[in-house]
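Taking it in order: structure first as structure tokens, then the write-up.
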Amino acid sequence: MTGKINLSLILSSGTLALFVVLALFAPLAAPYSPTEVLTNPYATPSVDHWLGADTLGRDLLSRSIYGLRYTLGISLFVTVVACAIGVTLAILAAVRRGWIDVLIGRTVDAIMAIPQIIFALIVLAVAGVSLKTLVGTMIVLETTLFFRILRASAGDIAVMDFIEVARLRGETLRWYIFREILPNLAPTLIAEFGLRFAFASLFISALSFLGVGIQPPDADLGGLVRENALAISAGKVAPLFPAIAIAMIAVSTNGIVDFLIRKYSVRGELQA
Amino acid sequence: MAHPLLSFAMRRGGSGLVSLLLVSLLVFVGTALLPGDAAQSILGQNATPETLAALRQQLGLNEPLPVRYWNWLVGLAQGDMGTSFSSGRAVADLLWPRLRASMTLALAAAVIALPLAISLGILSALKRDSFLDRAISFLSMWLVSIPAFLTGYILINIFAIRLGWFPSLSISHGSASFMDWINALVLPVTTLVFVTIAHTMRLTRTAVLSVMASDYILMAEIKGLSPRRVTLTHALPNALSPILSISMLTVAYLMVGVVVIETVFNYAGLGKLMVDAVSYRDLPLVQGCAVVFSLVFVSLNFAADFLSVLVNPRLREPKE
């Protein structure tokens with residue numbers, strides 16, 4: 001059984017690592033310029049152009065490698081910022097309780113009651129489609145999700161005996177947040193980080209696919225699907241490649257998270 | 001003291017209303033802060049200052065913001081959602097046929113997705129940690145990771161282009177024969193089913209597992225009842241209420257899931273209407289779509305919570 005899990009873990013980490021390297025070194029990794037018209041529109045995959053050409057005859061592999069930069073970069077940035085805000089708010093709410101807990105909790109509830117994509121569409125319509133608005137909206141949505149799960153875990157931890165002991169020992173707030181609560185929150189936090197990253201990459205791709213995400217001439221993976229969408233009715237497969245890349249990012253991330261959840265739940269059972 | 005169910009309904013309904021007000025405030029205030037206003041958008045750039053002033057007076061744009069918000073809410077409650085910038089037609093008239101189309105899509109998907117996902121969820125809970133359970137959980141991990149447009153385009157490529165069994169683009173009801181219309185629904189509905197079943201399966205599995213972990217199930221097993229009897233007469237009736245509310249949640253997810261799928265299949269539903277309205281920045285239309293989507297979503301969530309409370313009285317009072 002362990003061998004099987006490790007295989008899926010190796011595949012998942014390998015895929016993600018490869019994508020990250022490609023994104024980081026896009027100018028070196030891409031065989032051609034992403035903007036130069038090199039061949040016929042929708043040329044089929046060949047030795048020269050592994051994924052074929054896009055709607056204008058640009059190299060689809062090169063465009064996808066540059067697209068990875070946007071998809072991974074934005075997803076990672078959004079997840080890191082939302083995680084930091086979410087953790088801070090969750091611990092604040094769990095430790096302080098009272099009105100501040102109620103206020104944050106109710107606000108999060110109200111935002112979460114609106115379907116995420118509808119929330120994003122409203123904000124983008126009102127504020128106009130721009131990278132800043134896009135990233136800001138995603139951070140707000142992701143923060144609510146981080147808060148919801150971390151507030152529950154932090155609440156469980158904050159009432160544990162060892163916290164009470166630390167409090168009675170006269171430790172400072174700072175000490176028991178960083179030395180007691182955060183370390184115990186870590187497994188939940190790491191798993192949630194992965195889930196949120198997968199969600200972010202799917203979400204930005206969906207918005208770009210709908211035409212309200214990254215705007216041309218720049219294109220993330222979702223934007224590349226949109227650009228080439230017309231080819232589908234002509235029986236071409238060009239838009240499938242960037243779409244498959246998005247699925248690979250999400251599947252690999254979820255695969256790693258799945259492994260972590262299993263691993264930690266096993267450890268938890270052993271302790272009990 | 002009111003009946004506990006009534007007080008729950010009021011508390012939960014109240015928080016649903018707060019979310020709806022948040023939506024309306026978000027769209028309304030956001031719109032009001034924009035440069036230019038409705039009068040400018042309706043009359044265009046060539047309007048004379050006099051006609052602009054007259055129309056502003058007529059639309060009530062000179063009133064203070066809270067008054068305008070109140071008037072807008074009152075209009076909304078009466079079904080008046082304003083006028084679309086891009087088409088000049090009443091937003092409500094544009095919305096209803098689209099909402100009907102989207103609901104057709106969502107309900108057709110629900111008819112397939114619910115029995116499928118719930119039975120798979122129950123199966124994987126009953127056969128916990130078996131090969132089947134692990135296969136189902138592996139499958140659902142893939143299903144949640146694949147974007148809807150990938151599923152849609154693969155289905156189009158195989159079944160519409162290569163095999164030619166179904167059309168790739170949707171046609172509106174009325175313009176074609178009944179069979180053509182059903183045929184055109186097959187691929188979007190299938191995509192929608194793929195996108196939502198993973199979530200429903202997981203929720204069902206968790207719900208059934210938590211029932212199976214209860215003391216009375218242990219008791220029934222200790223009494224020596226057959227596993228079949230324990231499952232069918234002891235566990236299932238108690239799992240019914242969570243499953244019922246999971247079904248409500250699934251319909252809510254299906255309603256939202258239409259947004260991307262309608263764009264993939266060029267289906268004239270509410271989701272496509274809203275995405276197009278966002279691209280044109282037709283704010284009254286965006287407002288209308290957002291309110292309808294949120295209303296449907298919030299009510300279905302409310303129904304889900306209400307159903308579970310109806311069957312499980314312990315949930316009526318919030319625990320401290």
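For the stretch A:61-100, filtered to residues that are under 25 Å from residue A:164 (Cα atoms) and in contact (Cβ under 8 Å) with a residue 40 or more places away in the chain, the residue that is farthest from the other protein chains (Cβ to nearest Cβ) is A:87.
Could you check the stretch B:178-223 and list, in sequence order, the residues that are part of a loop (DSSP other than H, G, I, E, B) and open to solvent by 60 Å² or more (accessible area, probe 1.4 Å)? Spell out the reasoning first.
Residues of the stretch B:178-223 that are part of a loop (DSSP other than H, G, I, E, B), as a first pass: B:213-214, B:223.
B:213, B:223, listed by residue number.
Scanning the stretch A:105-116 for residues that are closer than 14 Å to residue B:292 by Cα and open to solvent by 10 Å² or more (accessible area, probe 1.4 Å) turns up just one, A:113. Of the candidates A:93, A:84, A:29, A:23, the single residue that is surrounded by fewer than 18 Cβ atoms within 10 Å (Cβ to Cβ) and modelled with pLDDT of 85 or more is A:84. Scanning the stretch A:190-220 for residues that are touching an Asp or Glu at 6+ places or on another chain (Cβ under 8 Å) and facing chain B (nearest Cβ under 10 Å) yields A:199, A:205.
Taken as a whole, the condition of being within 14 Å of chain A (Cβ to nearest Cβ) and more than 19 Å from the chain's Cα centre (by Cα) does not apply to residue B:276.
Looking only at the stretch B:95-131, count every residue that is of a type outside the set (Ser, Thr, Tyr), in a helix (DSSP H, G or I) and open to solvent by 30 Å² or more (accessible area, probe 1.4 Å) and tell me the total.
Residues of the stretch B:95-131 that are of a type outside the set (Ser, Thr, Tyr), as a first pass: B:95-101, B:103, B:105-118, B:120-123, B:125-129, B:131.
Now drop any that are not in a helix (DSSP H, G or I), which leaves B:95-101, B:103, B:105-118, B:120-123, B:125-126, B:131.
Next, only the ones that are open to solvent by 30 Å² or more (accessible area, probe 1.4 Å) stay: B:96-98, B:100, B:103, B:107-108, B:111-112, B:114-116, B:120, B:122-123, B:126, B:131.
The qualifying residues number 17.
Which ones in the stretch A:162-171 are at pLDDT 80 or above and open to solvent by 80 Å² or more (accessible area, probe 1.4 Å)? Answer for the stretch A:162-171, where residues must be at pLDDT 80 or above and open to solvent by 80 Å² or more (accessible area, probe 1.4 Å): A:168, A:169.
The values are calculated or read from the model by the stated rules, or taken from the named source; none is laboratory data. None of these values were measured; they are calculated from a predicted model. Glycine gets a Cβ as well: all are built from the backbone with ideal geometry, and neighbour counts include every protein chain shown. Note: areas computed on protein heavy atoms with side chains; ligands, DNA, RNA excluded. Shrake-Rupley method; radii C 1.70, N 1.55, O 1.52, S 1.80 Å.
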